[in-house]
1. Among S108, S58, S145, which one shows the highest mean-square fluctuation when the chain is modelled as a Gaussian network with alpha-carbon springs under 10 Å?
2. Pick from I74, I127, I21 the residue whose mean-square fluctuation is largest in a GNM of the chain, springs joining Cα atoms under 10 Å.
3. Under a 10 Å cutoff between Cα atoms, tell me which one of R14, R117, R75 has the largest fluctuation in the Gaussian network model of the chain.
4. Fewest to most neighbouring Cβ within 10 Å: what's the order for C125, C94?
5. Describe numerically, in nm with one decimal, the distance between label points set 7 Å from Cα along Cα→Cβ at I68 and at K23.
6. Over the chain, one equal point on each Cα, no solvent: what is log10 I(q)/I(0) by the Debye formula at q = 0.19 Å⁻¹?
Amino acid sequence: MTSFRIRPRFRQMRNEKPDEIEKALKKMVELNKGLFTGTFMDGHIIIKINQQRRHFWSPQLNLSLENIQDITVIRGLYGPNPTVWAVFFFGYACLAILFTIAGMLLLSQYVLGLETRLWWTLPACFIAAAILYLIAQFGQKIGASQMFDLHHFYEETVGEKVSIL
């Protein structure tokens, strides 16, 4: 499941009502209490790895249940803990801002014919972004087995294979 996709997802249509699917998931979480925990809100479910097995890179499965003309559309999204997601988003945002400011300073000094020592900031931003990307891929590889566990748990609960998009 680990690939260039940042957050693997799936979409599934079911004939059961959202309440029935939610009950089945609650039952399976209770049966597998040592492996998974669940947070159940109206139309939204978060399934996580149990606290004892959870680490920084542990994934979670966010499920959205929507009833459309007697068919339940389930949208599943695998991803890291929101804190991990926020750290990487913040890192990329800071790099983008630094790149933009440094680029404007370099361009304005070049146009004015001034000498600058900031030329190294642009490649440094690209290198830092590449390092962040590699760290994210490394973390995704560490959490891959738990992501497979979550996916197989969901497939077992609904009783059919679900392909990842």
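Read-outs throughout are calculated quantities, based only on the coordinates presented, and are distinct from any laboratory measurement. Since the structure is predicted, the reported quantities are computational estimates derived from the model, not experimental observations. Every residue, glycine as well, gets a Cβ built from its backbone with ideal geometry; the counts of neighbours run over all protein chains shown.
1. Checking each option, the largest mean-square fluctuation is seen for S108.
2. I127
3. R117
4. C94, C125
5. 2.5
6. Debye intensities relative to I(0), on a log10 scale: -1.16.
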